[in-house]
Amino acid sequence: MNHPTSRRPGELLFNLLVLIASLFLFWQAYAIAQFSSLSSSGALPLAATSIMVISACLVLIKTIRLPLEPHVRFIRHIFPPIIGIVMALILMFAVMLEPIGFILSAAIFLFIAMTFLHRKGWVVSLGLTLVSLALVYCVFRLIFKVILPEGIIPEREIMAVISHWFSANF
Amino acid sequence: MKKTIIGALTALTLSTTALAAFPEKDIQGIIQWGAGGSTDTVMRSISPHAEKALGVDIVLTNKTGGVGAIAMKYVNSKDDDGYTLLMGAENPQMYKVLGLGDMDYNDMITINILARGTPVFVARNDAPYNNMQEFTDFVKAHPGELKIGSTGNGGLTSIVMAMLQSQISLDYTSIPYNGDGPALTALQGGAIDVMPAVLGATIEQIKAGRMKVIGLVDKEANKLLPGVAPITDTFPGLKSYLPWGPFFGIFVKQGTPDDVVKKLQGAFQQAAFHPDFIDLMQKRGFTILNISGEEANYFLSGYRSTSSWLVHEAGFSKRSPEEFNIPRP
Amino acid sequence: MEALSFFAISWISPQLLALTALGTFLGIYVGAIPGLSVTMAVSILISFTFSWEVNNALCLMVGVYMGGVYGGSRTAILLNIPGAPSAIATALDGYPLAQKGLAGEAIGLSTVMSVIGGFVGIFVLAVAAPFVSDFAISFQPRDYMLLGVLGIMLVGSLSGNSLAKGVLAGSFGVLIGTVGLDPLTAEERFTFGVVELWNGINPVAVMIGLFGISEALTQLHFMHKASVKQVINRIIPKWKDVKRYLPLSLQSSSVGVIVGALPGTGGDIAALMAYDYAKRTTKNPEVEFGKGAKEGLVAPESANNAAVGGAYIPMLTLGIPGDAVTAVFIGALFIHGLNPGPLLMIEQPEIFWFTVGNLTLANIFILIFGLTGIRLFAKLVECPKGVLIPIIFLLSIVGAYSINNAITDVWWMLGFGVIGYFMKQYGYQVGPVILGVILSRLIDENWRRAILSEQGNIAGFFGEAFTSPLSCVLLATIVFIFISHTPLWTRWRKNKSSKS
């Protein structure tokens with residue numbers, strides 16, 4: 001086993017946050033059923049969270065002892081802007097999914113993300129967006145009947161019209 | 001090409017302006033319980049018959065969670081246009097007293113209550129008791145020793161045991177399972193001794209002799225169980241609660257237009273008369289009800305009264321039935 | 001002789017043959033796409049095949065089941081997104097192989113091993129079903145609980161560099177598994193009054209987030225690097241390799257059959273246990289586990305497909321589902337007018353042999369479809385990262401949504417994606433978290449049932465455990481694995497090997 005010999009920027013803070021979260025969860029687990037009985041609904045949560053607290057302490061102590069890794073910066077190596085931007089894009093997608101519907105939000109997301117990451121111009125991005133969206137829509141909505149959020153596009157009405165039209169004309 | 005587009009456009013405008021009769025698009029059916037459960041099986045076997053009567057597809061979706069509360073909440077968050085059906089079991093009738101929500105089926109419109117199950121007591125084959133009298137005597141003689149499977153507070157087992165406890169005080173150990181399937185498996189493996197369960201879930205095992213019936217929780221004998229006396233022979237006091245049993249029903253949101261409700265009720269009533277469906281339900285030991293309207297409301301209120309008060313008197317309700325003006329049975 | 005004629009029904013009818021093939025083909029894609037589960041697909045097929053003849057419907061569904069369990073490995077190897085929980089263990093060593101440009105070889109090997117596993121499962125189903133089901137049903141809550149603890153020991157193998165971090169991640173996973181209404185008493189745990197949390201956090205959402213999203217985010221660091229070129233000249237594994245891994249595959253398959261036959265556990269746990277077993281017993285792997293060891297691919301892939309045959313054992317003999325999919329099959333049989341239960345074997349023996357024959361057929365189709373489409377799949381990962389990564393995000397979101405048609409699962413999935421990203425940055429492994437999530441319920445419920453059966457008496461619990469041979473074996477295995485992790489043991493082993 002090769003143990004790490006230095007810590008990365010932000011690692012100390014992360015491990016500290018983990019410890020705080022573990023303590024909070026331990027307190028929450030205690031609140032379920034206190035130490036009432038071995039078979040209560042709080043038994044396993046208590047066991048799990050106490051192990052979390054102990055191991056979080058061990059990890060934190062180990063991390064404090066290590067020297068900071070040289071030449072590594074949080075903003076460049078751990079959380080570069082590109083990650084932040086993509087996370088924000090995904091967040092937007094998820095927020096808009098229900099209000100404006102799957103088709104529109106996914107199209108916007110794919111188009112922006114591909115233009116930004118692939119950098120081959122907007123025509124290529126648009127083409128790729130349409131092809132991949134059509135594939136995903138066919139597989140999920142049409143074959144496996146997953147009802148994706150419809151939002152502002154009345155998909156079911158459009159499909160009913162298309163199928164009516166087909167049955168009327170053929 | 002041009003013609004095609006014009007054709008499509010006219011079709012679109014026509015259908016939106018003329019407002020074709022319900023249903024003009026696919027209907028979404030929300031099943032309260034997971035794939036493979038009894039509610040799922042029943043709904044998936046009736047829907048194709050109803051589809052024929054309605055002329056559109058019913059797209060079935062399982063939406064589990066919160067003892068069915070999540071599905072109920074979802075359906076009630078949709079438009080009251082009859083395009084979203086709630087397909088569920090009896091659980092919501094207990095939500096109020098168990099503190100799981102402030103809505104039940106009485107706050108929705110019933111499309112159809114399809115069928116009702118009959119609870120039975122089953123025991124391990126090697127158990128030294130064969131009927132309810134011997135069973136209760138055995139529990140009395142061995143306090144705390146007998147292991148009875150349960151499916152949580154508000155589940156069928158808890159209510160049947162509450163009924164029994166209202167007649168005779170018993171001291172036993174309750175072993176919880178999440179569903180009657182796992183509990184009945186445990187019964188065959190010897191992890192529990194007795195289990196109150198719905199007849200349909202046990203009938204095949206009983207026929208094969210892998211477990212035995214020791215009690216039929218009904219007022220009358222059942223033709224699937226020849227020679228088993230109804231529980232009221234031993235405990236006549238239970239007559240006021242019976243017949244009682246879990247049920248399956250289809251519901252829509254309050255406020256759905258009358259003509260839509262009529263259309264749906266008609267379709268499902270016709271579907272529930274289909275011989276395949278009747279055959280399937282009877283083989284599983286369910287009593288076909290196929291009721292809607294007043295009759296259904298009466299049934300729902302009766303179920304709610306009996307169960308809520310039993311649960312309340314057994315001491316595991318979160319809120320009193322009185323708070324919701326649920327009358328005593 | 002009669003059995004043989006039932007066995008061959010689906011082999012000689014062109015229609016049934018075609019339906020099985022179609023089912024298997026569809027199943028591979030259902031399995032490969034995260035969020036689309038075999039359970040869901042088979043339920044949809046129930047409605048779809050409602051008016052069909054029962055044999056036709058069964059062929060399609062059996063194909064989907066077999067194909068689906070196998071298909072989960074595809075995306076696990078190529079994109080690090082396990083298509084289903086039973087493919088989690090496959091991702092651990094499969095994805096590193098793809099990163100080295102060996103995706104084609106990895107898929108080829110996993111296909112052959114899945115098929116071997118599948119055959120072992122079917123074989124046991126055909127010859128020993130009644131015995132195995134009696135054995136499976138005799139598992140007491142105590143034994144399930146011990147089995148869960150045995151599974152949790154796997155944290156030791158999945159921890160990477162730091163055991164403390166692994167244990168932390170594992171117990172975090174166990175905790176996630178307890179969120180929601182307690183399935184036994186309906187008490188709220190960590191729900192903070194939110195109804196959406198009543199049903200808990202779906203393991204598949206956690207899985208897609210921790211594996212798929214976090215890996216895609218990590219890949220953003222390397223946008224300037226070109227995608228790995230895949231070597232696809234050798235897809236069908238060398239006979240020498242197959243022969244070499246055959247013993248491990250057979251052993252893993254037996255783990256798979258048993259775990260699959262237990263009504264309380266399925267292919268996901270089987271695959272993880274087999275992975276652990278492989279890691280423990282492989283003395284000198286060519287490549288380290290977690291970095292692309294082929295043993296780490298062979299074991300889970302054999303086990304999860306063997307679990308299919310296993311899951312059918314209690315279903316066909318007793319009418320007790322071995323996993324979620326066989327539960328849906330029971331519903332399907334009912335709808336088609338059959339009576340799945342202990343009498344099925346006596347009243348309708350044709351169904352048993354028909355299913356055995358059909359499973360065998362589906363298994364052969366896996367070999368055919370599995371080995372033919374690899375080139376295309378391997379090429380898929382070569383597509384530019386700027387295109388692939390947005391599509392991974394899209395698939396993850398749609399996949400998470402389709403688990404239960406709820407946006408809540410999407411939020412959880414994204415949340416765990418971000419957590420997973422930071423965990424990876426700071427030297428935590430994500431494997432133990434998902435392990436904890438999967439085993440949490442098994443341990444929680446059965447521990448409490450076991451204790452309740454002893455009326456809260458822990459001494460009674462151990463007393464019973466020592467009198468039951470099954471519990472004794474499980475307990476001894478746990479103790480042995482635990483000791484073998486301690487420094488004392490490793491030192492003793494080292495001394496011994498240096499002397500000899």
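The values are calculated or read from the model by the stated rules, or taken from the named source; none is laboratory data. Computed from a predicted structure; not experimentally measured. Every residue, glycine among them, receives a Cβ derived from its backbone with ideal geometry; neighbour counts consider all protein chains shown.
The set of residues in region B:279-295 being touching a Leu at 6+ places or on another chain (Cβ under 7 Å), assigned to a strand (DSSP E or B) and not hydrophobic (A, V, I, L, M, F, W, C) consists of B:N290 alone.
Taking the conditions exactly as written (of a type in the set (G, A, S) and buried (at least 19 other Cβ atoms within 10 Å of the Cβ)), does A:A134 satisfy them or not?
On the way: of a type in the set (G, A, S): yes; buried (at least 19 other Cβ atoms within 10 Å of the Cβ): no.
No.
Taking residues in region A:97-110 that are assigned by TED's automatic domain parsing to the domain that holds A:V136, and partners anywhere that are polar (S, T, N, Q), the pairs with Cβ atoms closer than 7 Å and at least 6 places apart or on different chains are A:L97/A:S105; A:A107/A:T129; A:L110/A:T129; A:L110/A:S132. Within region C:121-150, the residues that satisfy the criterion of being farther than 24 Å from B:G149 by Cβ and in contact with a Gly (Cβ under 7 Å, 6 or more places away or on another chain) are C:G121, C:I122, C:V124, C:L125.
Residue check: B:Y298 meets all listed conditions (1) within 23 Å of B:A71 (Cα to Cα); (2) within 21 Å of the chain's Cα centre (by Cα) but one, namely (1).
Only one residue in B:L225, B:L199, B:L264, B:L242 is buried (at least 24 other Cβ atoms within 10 Å of the Cβ), out of contact with any Cys (no Cβ under 9 Å at 6 or more places or on another chain), hydrophobic (A, V, I, L, M, F, W, C) and under 21 Å from B:F135 (Cα atoms), so which one is that? If you could, list the steps in order and put the result at the bottom.
Values: B:L225 fails: buried (at least 24 other Cβ atoms within 10 Å of the Cβ); B:L264 fails: under 21 Å from B:F135 (Cα atoms); B:L242 fails: buried (at least 24 other Cβ atoms within 10 Å of the Cβ).
The conditions single out B:L199.
The sole residue among C:L248, C:L210, C:L220, C:L184 that is of a type outside the set (D, E), over 30 Å from C:G386 (Cβ atoms) and assigned to a helix (DSSP H, G or I) is C:L248. Among the residues of region C:244-275, the one identified as surrounded by fewer than 24 Cβ atoms within 10 Å (Cβ to Cβ) and modelled with pLDDT under 90 is C:G264.
Which of the helices (runs of 4 or more DSSP H) contained wholly in region C:297-409 include at least 1 residues that are touching a residue at least 60 places away in the same chain (Cβ under 8 Å) and crowded, with 21+ Cβ neighbours inside 10 Å?
Details: elements: C:324-335, C:344-347, C:349-372, C:374-380, C:385-404.
In region C:297-409, C:324-335, C:349-372, C:374-380, C:385-404 are the helices (runs of 4 or more DSSP H) which contain 1 or more residues that are touching a residue at least 60 places away in the same chain (Cβ under 8 Å) and crowded, with 21+ Cβ neighbours inside 10 Å.
For region C:81-107, a tally of residues being crowded, with 24+ Cβ neighbours inside 10 Å and on the phi > 0 side of the Ramachandran plot returns 0. Taking region C:7-53 as the range and being away from every other protein chain (no Cβ under 13 Å) and small (G, A, S) as the test, the residues that pass are C:A8, C:S10, C:S13, C:A18, C:A21, C:G23. Scanning region A:121-164 for residues that are among the hydrophobic types (A, V, I, L, M, F, W, C), under 25 Å from C:S47 (Cβ atoms), in contact with a helix residue (DSSP H, G or I) (Cβ under 7 Å, 6 or more places away or on another chain) and more than 14 Å from chain C (Cβ to nearest Cβ) turns up just one, A:V161.
How many of the residues in region C:44-72 are assigned to a helix (DSSP H, G or I) and among the polar types (S, T, N, Q)?
Within region C:44-72, the first condition is being assigned to a helix (DSSP H, G or I), and the residues that meet it are C:44-48, C:54-72.
In the following step, the residues that additionally are among the polar types (S, T, N, Q) were identified as C:47, C:55-56.
Count: 3.
Taken together, C:I137, C:I107 contain a single residue that is over 25 Å from C:I483 (Cα atoms) and modelled with pLDDT of 90 or more, which is C:I107. Looking at region C:134-155, can you tell me whether even one residue there is farther than 27 Å from C:I320 by Cβ, touching an Asp or Glu at 6+ places or on another chain (Cβ under 8 Å) and part of a helix (DSSP H, G or I)? No: region C:134-155 contains no residue that is farther than 27 Å from C:I320 by Cβ, touching an Asp or Glu at 6+ places or on another chain (Cβ under 8 Å) and part of a helix (DSSP H, G or I).
Filter region A:4-14 down to residues that are in a helix (DSSP H, G or I) and more than 7 Å from chain C (Cβ to nearest Cβ) and give me whichever is surrounded by the most Cβ atoms within 10 Å (Cβ to Cβ).
First, pick out the residues of region A:4-14 that are in a helix (DSSP H, G or I): A:11-14.
Now restrict to residues that are more than 7 Å from chain C (Cβ to nearest Cβ): A:12-13.
Details: A:L12: 16, A:L13: 12.
Among those residues, the one meeting the criterion is A:L12.
For region B:210-243, a residue qualifies if it is modelled with pLDDT under 90, out of contact with any Leu (no Cβ under 9 Å at 6 or more places or on another chain) and of a type outside the set (D, E, K, R), and the qualifying residues are B:A221, B:P226, B:G227, B:G237, B:S240, B:L242, B:P243. Selection of region A:22-59 for residues being under 30 Å from C:I451 (Cα atoms) and in contact (Cβ under 8 Å) with a residue 24 or more places away in the chain yields A:S22, A:L23, A:L25, A:F26, A:T49, A:S50, A:M52, A:V53, A:A56.
Taken over region C:177-194, residues that are touching a helix residue (DSSP H, G or I) at 6+ places or on another chain (Cβ under 7 Å) and either more than 10 Å from chain B (Cβ to nearest Cβ) or over 19 Å from B:G155 (Cα atoms) (or both) amount to 6.
I need the strands (runs of 3 or more DSSP E) fully contained in region B:134-225, keeping only those with at least 1 residues that are under 30 Å from B:T64 (Cβ atoms) and of a type in the set (S, T, Y).
Numbers: elements: B:147-150, B:173-176, B:194-198, B:212-216.
The qualifying strands (runs of 3 or more DSSP E) are B:147-150, B:173-176.
Filtered by the rule that a residue be surrounded by fewer than 23 Cβ atoms within 10 Å (Cβ to Cβ), within 14 Å of chain C (Cβ to nearest Cβ) and touching a strand residue (DSSP E or B) at 6+ places or on another chain (Cβ under 9 Å), region B:78-111 gives B:K78, B:T84.
Kindly provide the set of residues from region C:152-170 that are touching a residue at least 24 places away in the same chain (Cβ under 8 Å), among the small types (G, A, S) and within 10 Å of chain A (Cβ to nearest Cβ), ordered by number.
Here is the first cut: in region C:152-170, the ones touching a residue at least 24 places away in the same chain (Cβ under 8 Å) are C:152-162, C:165-170.
Then keep just the ones that are among the small types (G, A, S); that gives C:156-157, C:159-160, C:162, C:166, C:169-170.
Listed by number, the residues that qualify are C:S159, C:G160, C:S162, C:G166, C:A169, C:G170.
The sole residue among C:R491, C:R448, C:R441 that is assigned to a helix (DSSP H, G or I), of a type in the set (D, E, K, R) and at the interface with chain A (Cβ under 9 Å from one of its Cβ atoms) is C:R448.
Residue by residue, here is whether (1) facing chain C (nearest Cβ under 7 Å); (2) of a type outside the set (S, T, N, Q); (3) out of contact with any Gly (no Cβ under 7 Å at 6 or more places or on another chain) holds:
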| residue | (1), (2), (3) |
| --- | --- |
| A:W27 | no, yes, yes |
| A:S37 | yes, no, no |
| A:A48 | yes, yes, yes |
| A:L66 | no, yes, yes |
| A:H77 | no, yes, yes |
| A:L89 | no, yes, yes |
| A:I100 | no, yes, no |
| A:A107 | no, yes, yes |
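Kindly check whether there is at least one residue in region C:410-417 that is facing another protein chain (nearest Cβ under 8 Å) and either part of a loop (DSSP other than H, G, I, E, B) or surrounded by fewer than 23 Cβ atoms within 10 Å (Cβ to Cβ) (or both). Checked region C:410-417: at least one residue is facing another protein chain (nearest Cβ under 8 Å) and either part of a loop (DSSP other than H, G, I, E, B) or surrounded by fewer than 23 Cβ atoms within 10 Å (Cβ to Cβ) (or both).
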